[in-house]
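Report on the following structure.
The values are calculated or read from the model by the stated rules, or taken from the named source; none is laboratory data. Note that the structure is a prediction, hence the values are computed from the model and not measured. Cβ: placed from backbone, ideal geometry, glycine included. Neighbour counts: every protein chain shown.
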Amino acid sequence: MTTTSSPTSMQSTVTPYPSAEQRDSNTRFKEQAKMTTQDVFAMGERVKDSAEEKLGHLKETATEYLAQGQKKAKEVRISIQESIRANPLTYVLIAAGVGLALGVSACVTRDFARAK
């Protein structure tokens, strides 16, 4: 709608249809909005693709680290088992010493708690 007023009178004339200039402006605005929307969707797709690629790489790396950790844990377990088989008395005495230390610690803690 267009409103026009004459300088000599304060009457306004209202036209029911937009001018050609307004129609052109509206058309340009709609086209720009459509292009902007398409650009935003395209950027979203690129971000999604990049995130999926990085996630895939992260999964591969995590799987490799897990496999390395499992391999190292197995090697340590085998090494400890071999060491115990080679020197059983040493490990029995170590276990007895740890048990004695824990037992003494528990008794001291219990006696300390009773003294309060």
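Taking THR8 as the residue in question, decide whether it is out of contact with any Asp or Glu (no Cβ under 8 Å at 6 or more places or on another chain), surrounded by 10 or more Cβ atoms within 10 Å (Cβ to Cβ) and either modelled with pLDDT of 90 or more or at negative phi (or both). No; evaluated as a whole, the condition is false for this residue.
When ASP24, ASP39, ASP111 are checked against the criterion of being more than 25 Å from the chain's Cα centre (by Cα), free of Cβ contacts under 8 Å to residues at least 40 places away in the same chain and exposed (fewer than 10 other Cβ atoms within 10 Å of the Cβ), ASP111 stands alone in meeting it.
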